[in-house]
Amino acid sequence: MLPLWSSKSSQNVASIDEQNGTANASVAASALKPSTAASPPPPVSDSSDGKRHPPMSTSAVQKSALPNLIARGYEAYYSTTMHPIMPTSKAGKPLLAKIERIALALPSAAKTINHGRPAFSVNEKSFVMFLDNHHNDGRIAIWCKAPPGDQADMVESDPKRYFVPPYVGPRGWIGVRLDVARPNWKTIATIIHESYKLTATKRLASR
């Protein structure tokens, strides 16, 4: 993970006033400020499409997401600068609204942005990601955590509706298509709740 601080930060924080044996407070305080001279991270290659995605200025981040981005610190900075915020299609907007109602009804859940896509998190960790035509895959879907063994069973039982998502699939996440005929919203809500329980603290999950 690339640091956001000045390369001299650790030296400044550790500097000691030899004359009185106390830490130089002014130097330590200044060392904790982000370096204004630091350049943004370079574009990175996304292995799924081979393209290089340029950094994105924070001015392009949706204003409604800024409080969450600030709270999440470097992780959010990295996600939004390296991954442009992707628009939601006309067909995807009502589906996203339903997912939002389900997810935000859970204790301490928050709407965030994860790699440029709408997501829902608890404890600053995503438990649902909303993907609309991710890398032109033609799907409107959500990715959720699933209990051990559920991913394989679900994909086998209904491969048109469930799939193994890229990146997080090897960790047991399940992809759920929302654009297939007659999505079962009770089942989708259950999948989201299970993902939440796997992500939230025991105290929140028990509520």
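Within the range 172-207, the set of residues being open to solvent by 60 Å² or more (accessible area, probe 1.4 Å), modelled with pLDDT under 95 and not polar (S, T, N, Q) comprises 181, 182, 202, 203, 207. When the range 94-110 is filtered for residues that are of a type in the set (Lys, Arg) and either in contact with a Gly (Cβ under 7 Å, 6 or more places away or on another chain) or exposed (fewer than 13 other Cβ atoms within 10 Å of the Cβ) (or both), only 101 remains.
For residues that are in a helix (DSSP H, G or I) and among the aliphatic types (A, V, I, L, M), tally how many sit in the range 112-158. Residues meeting the conditions: 3.
With respect to the conditions (1) closer than 23 Å to residue 86 by Cα; (2) at pLDDT 95 or above; (3) open to solvent by less than 20 Å² (accessible area, probe 1.4 Å), residue 113 lacks only one, and its number is (2). Within the range 188-201, residues that are in contact (Cβ under 8 Å) with a residue 24 or more places away in the chain have Cβ atoms under 9 Å from residues that are open to solvent by less than 20 Å² (accessible area, probe 1.4 Å) and part of a helix (DSSP H, G or I) in these pairs: 188/99; 192/99; 192/103; 196/103; 196/204, counting only partners at least 6 apart in sequence or on another chain.
Restricting 198, 204 to residues that are in contact with a Lys or Arg (Cβ under 8 Å, 6 or more places away or on another chain) and either over 21 Å from residue 95 (Cβ atoms) or assigned to a loop (DSSP other than H, G, I, E, B) (or both) narrows the list to 198. Counting residues in the range 128-136 that are modelled with pLDDT of 95 or more, touching a Leu at 6+ places or on another chain (Cβ under 7 Å) and of a type in the set (Phe, Trp, Tyr) gives one or more. Return yes when residue 125 is within 23 Å of residue 200 (Cα to Cα), open to solvent by 30 Å² or more (accessible area, probe 1.4 Å) and touching a residue at least 60 places away in the same chain (Cβ under 8 Å) and no when it is not. For residue 125, the condition - within 23 Å of residue 200 (Cα to Cα), open to solvent by 30 Å² or more (accessible area, probe 1.4 Å) and touching a residue at least 60 places away in the same chain (Cβ under 8 Å) - is met. State all residues of the range 136-149 that are surrounded by 12 or more Cβ atoms within 10 Å (Cβ to Cβ) and either farther than 19 Å from residue 99 by Cβ or among the polar types (S, T, N, Q) (or both); if no residue qualifies, say none. The answer is 147, and nothing else.
The values are calculated or read from the model by the stated rules, or taken from the named source; none is laboratory data. Note that the structure is a prediction, hence the values are computed from the model and not measured. Methodologically, a virtual Cβ is constructed for each residue, glycine included, from the backbone with ideal geometry; neighbour enumeration extends over all protein chains shown. Note: accessible area is taken over every heavy atom of the protein model, side chains too, but ligands, DNA and RNA are not part of it. Shrake-Rupley method; radii C 1.70, N 1.55, O 1.52, S 1.80 Å.
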